[in-house]
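Heads up, the thing below is written out as structure tokens.
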Amino acid sequence: MLAGLLYKIESTDPEILVEMCAGEGPDIPTLVAVWPRLEARTTPQRRIAVLAGSRRQRRRLETAALRAGWLTVGGSADEDDAVVLSRLVLSTETSAVLLGADHSPGGDEKRHLPDLTALVAAATRLRPELTVVLAGGAATYESQFAGLADARLARETAPDPVGLASGSGGPGATEPMVEKVVESKLVTKKALAEAEAARADNATMDASEDGGPAASSTGEAFEAEPEAFEPEPEAASELDTEVEGGVSGTVASAEPDPSVVAPAESQRAPVPLAFGVVESHAAPNHVLLAPDAEAGDPAGAALQQVLEGLRAFPNDSRLGVARSIASLAYVLDRSVEVVEIGLQGGLSSRSELIGPGHATVVTSYSCLAEASFAPANPSEEVIDGLMTWSTVPLDRHRTMDRLNDLRLLPWGEADGDGAIFRLAAAKAAFGRLVEATPELAEQPMPELLVASGGIFAALPPSVVALALADLVRRPGVSQLAIDQARLLGPLGVIEDEVERRRLMANLADDILMPLGGLVMPAGIRPGRSAGLLRLKGLPTSTEIELHPGSVQVVDLPPGRAARADFDFRDPVRLGKRGRHFSVDVGGGLSGLLVDLRDIPMRISDRPDSRRAALDTWQRGMWPDIDE
Amino acid sequence: MSAIESRAAADISPELARVAGRRVLVFSPTIRYQLGPGDRALVVAGDAVVPGMPILERTPDAELVDVGRLGIENGKSGKAGRGSGSSSGGGASLEPLWKEAAAEESRAMARRTSGGRTDRPSGPPKQERRRPPSPGKWWVGGGDRRGKPDKGKQAIRIGGTLLFESGGRWWAAAGERHQVVTSPVAGVVREARNAVEVIIEVAGSALPGAIAAGVPSRGYLDVPRLTDGELWASALDVGRAGAVVVAGSRVSAQAISRARAISIRGLIAGSVGEGELRDLEASELRQRASLAPALPFGLIALDGHSRRPLATPILALLAAMAGREVTIVTDPPLLVFDSPEVPLPELPPDWIRARSGPHAGREGRWLKSIGLYRFRSGIYLEAAVVRFADDTGTTTLPVTDLERFVF
């Protein structure tokens, strides 16, 4: 693909190619061979078996595991017998086991823990490739797994069976994980200590009722380097120059990072990158000790962090999106939210500076395997969700078949009926993500809201803007954008925060395509008119009457900003409560959207009426739907 | 294979090379049998297997059994618990566990002497027969679990695998009923772990599918004449018992029920609906629960869930293999041919097939790539111009809706 691109450049503008080759004659195969690469991968879905002494505890643990992006199966000793629990653990589809208890287990859990630990320890003797996470009070049974490293070593030295191409386990299920037991224990003990500290902090915060900004759900906060980063226009081309020239002197690396793919065909030395990639592998572990399901803020965040590190590749592109958004929030000095929907799951992330004048970015995010637009083995709820957002009548069995086919061929039938179906699938996945992250829904409307993922990239921009407005129902004003080139993930793999921020500062305008401004007031009363909108700052002043229950679009091209004066008939909430508001809005491919529908959205439960309402809004934004 | 592939890749244009390749044949694939608590492998890694050879034993109704204390103390077995108390003083002072170990050992010895082994390491020394109990180990006992047997009736014994030890007592997943599963393919066992899995590297070639259901099954390949790309359920008669039948573009629930009733071993189709798969799964569960064992029945869909005809190169390949023994494997979905030598159809290098979209199933020749193109509903996608075999004109469609065949 790169070669094809370069040949196209050669045919259209050969001078650029000459510049890339530092003035020498362009040799495309050589250029392709020495082209520096940054590799990002989506972690495939992996399954964890969640075991606990009680149902209550199992649910808490499952919540943490789900939010860390795992597929879960679970059982509790008070409900299931040991055969059922063993079946979950011994299944080759299961990659890891989470056995947890309260920090100080009560009687209902405590009496089951010895048996559960024995069961898991026995299962790991049968499946030494299994990673075990002992959370909370279960960590006291760590000694049961003492002899496990030997069994694992024996298995690793034995000849490996040929891995299956597909089927039950998936790549993660059978993939042996590199482990350093001692290292992992060090790491996890540190995590435990952090969790304890977090617990103490929570207690303090509770006592003082501190009203400051909430800490991130995953506890991730980026502190600026002592020498504060300043976006430099010249620095923009630093990377480009190095990349294009094929030479670099900024990073002296004798051995390139494993994530940097050296071209196989070339005999030339690989060119070091101008940036480092995330290095620490998430899964050098065997038995991990983790905090209990209540530790952290919000509850379960500490365990979620451990589980996420266990699940994801070090260069996971989904987590890379979250990191890129954090950099973007710093660079733009705005609160930024992203919704990323993919085949293997979805991500919802929010980043903002901790306050005016601060350099610390607070990030909270959540990955969800169930937020895949085409989950494997879709449940009835998934089908219900999809049918809820569909604007065309769908037969239940046919919907199931189409969704399964979408998983088999994620890029198949992306036009016509297929596009309508894909939009419904994406919205349903988005809905699952919103439902699973209530703490994000409680936040104010972000100043920049970004849609990411291939399923959005293939849809018309105005439809994506409407999808964002349909599912992020918070009063406020926001700028909508889409990660059309899907670069947020790969750029997030760059480990150095300063480097990433510098790149973001230079590329933000190019990687994000503006969809338009969004104004979403709450508390609009039904009636003929909700008030008036006057748009100023354009060559011609525009005055529009606002109609309750509608999504009105005002033409405002990308790159243009305007001032919107709203005179509402009744008091509404738009940041604060009032009738008259004057806000700055930005343009985009779909213009300025004024969403006067209810918050939260109220649509009839009757399928026909609901479809009709959705179809009306959708046709307004997608006039060529029937072409 | 690699040589063929590289030659084929060299024959096609870079634009066509970007079309998704569909591998028609894979060689020496690896298949998996998932086991559960109570199930055991009857083979070990390195064993050569042939069709019909027992490879594993399932315990369908495995339940938790308190085995009691097991172990070796100064060379003697420990005190037996409730589950195996009656057998603690069995012959040669062996626990049932040790008896079974001895039986396993003798079976393995018999295999070795019969020459069925390929690269298995030499057997353990004799004194290792008395292995200490460990998770996954086969256990037989429980004669006294049903109380005193009636006069003249034999005590029912149960068997299964040990699960874990807690407080000095062992627990097992065991049951009265067991089902021996035979290998449907020839190959070499790559891994065998009680209660976990058996992995076999198949000797031969296989046609990959998209979905499989039922259980692995074997039969002769029957390729009847299809009407409009489909096989009517009424065409399935008892004359086809024991066959793996090519059913065309789509297989219905009625056809599946009928096929199972008349001992057809499997169906091959282009697509199968999720409803039919659920019906089949429920039916399988009912049959497993019944005491009368049913013949294995497998189903494989080569393309997916939505209706589309079988690809002509694949149909030609199946027609060429008609009458030979084939096996439907469910994990991963494969149609296995015993021989690696499969007659491959001759295809022009630019032969493509629409795998999705309104033209799904149509085949023709690639003409050119035209870059971004505005398709239905105003969607812009990378496009190609193709000429379908059944059409004199050209058609423009998204590249992502196309596939090419890779042999």
- prompt: Regarding the range B:205-337, what whole-number volume in Å³ per residue does the convex hull of its Cα atoms give?
  reply: 92 Å³
- line: Assertion target for B:PHE407, B:PHE27, ordered by fewest C-beta neighbours within 10 angstrom first, is B:PHE27, B:PHE407
The range A:96-108 - phi-based ³J(HN,Hα) in whole Hz, Karplus 6.51/-1.76/1.60, Gly and Pro as x: 8, 10, 10, 10, x, 8, 4, 4, 10, x, x, x, 5
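When only Cα pairs under 8 Å and 6 or more residues apart are kept, what is the percent relative contact order across the range A:317-626? Don't skip to the end; give the middle numbers.
Values: 670 pairs, mean separation 54.8, N = 310.
Result for the range A:317-626 is 18 percent.
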- request: List every residue whose amide H lies under 5 Å from the amide H of B:ILE370, counting only residues 5 or more places away in sequence or on a different chain, with H placed 1.01 Å from N in the peptide plane.
  value: B:ALA383, B:ALA384, B:VAL385
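Hand me the trypsin sites (Lys or Arg not before Pro) from the range A:305-344 located in a DSSP loop with no more than 15 other Cβ atoms within 10 Å, in residue order please. Can you show the working numbers first?
On the way: sites: A:ARG311, A:ARG318, A:ARG323, A:ARG334; in loops: A:ARG334.
When the trypsin sites (Lys or Arg not before Pro) of the range A:305-344 are filtered for loop state and at most 15 Cβ neighbours within 10 Å, nothing remains.
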- prompt: When the chain is fully extended, how far beyond the present Cα-Cα distance does A:GLN443 get from A:HIS397, taking 0.36 nm per residue of separation?
  reply: 12.8 nm
query: So for the pair A:THR542, A:ILE354, with labels modelled 7 Å out along Cα→Cβ, what separation do we get in nm?
result: 4.1 nm
message: Can you list residues from other chains, or at least 5 along the same chain, whose modelled amide H is less than 5 Å from the amide H of A:GLY537?
response: A:ARG563
statement: Here the range B:359-376 yields Karplus 3J(HN,Hα) values (6.51, -1.76, 1.60; θ = phi - 60°; whole Hz; Gly and Pro given as x) of 9, 3, x, 6, 10, x, 10, 6, 9, 6, 9, 10, x, 5, 9, 8, 9, 3
- request: Would you mind ranking A:LYS110, A:LYS536 so that the residue whose beta carbon has the fewest other beta carbons within 10 Å leads the list?
  value: A:LYS536, A:LYS110
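Ranked by Cβ crowding within 10 angstrom, fewest neighbours first, how are A:PHE313, A:PHE373 ordered? Could the numbers behind the result be given before it?
Details: A:PHE313 22, A:PHE373 28.
Fewest-to-most Cβ neighbours within 10 Å comes out as A:PHE313, A:PHE373.
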- prompt: Residue by residue, what Karplus-based ³J(HN,Hα) values in Hz, rounded to whole numbers, does the range A:291-299 have, using 6.51, -1.76 and 1.60 with θ = phi - 60° and x for Gly and Pro?
  reply: x, 6, 6, 9, 6, x, 9, x, 4
- prompt: For labels at A:ALA612 and B:ARG23 in the simple 7 Å Cα→Cβ model, what's the distance in nm?
  reply: 5.3 nm
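Counting only other chains, what is the mean number of Cβ atoms within 10 angstrom of the Cβ of each residue in peptide A:400-410? Please list the in-between numbers first.
Numbers: counts 6, 11, 4, 2, 8, 11, 4, 2, 8, 12, 1.
Mean inter-chain Cβ contacts per residue within 10 Å come to 6.
Which whole-number percent is the relative contact order of the range B:205-337 (Cα, under 8 Å, 6+ apart)? The partial results should precede the final answer.
Working: 294 pairs, mean separation 53.1, N = 133.
Relative contact order of the range B:205-337: 40 percent.
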Sequence-distant residues sharing a close amide H with A:GLU413 (under 5 Å, placed H): B:GLY357
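No lab work stands behind these numbers, since they all come straight from the coordinates. Worth saying up front: this structure is predicted, and the values here are computed from it rather than measured. For neighbour counting, all protein chains shown are included, and Cβ atoms are generated from backbone atoms with ideal geometry for every residue, glycine included.
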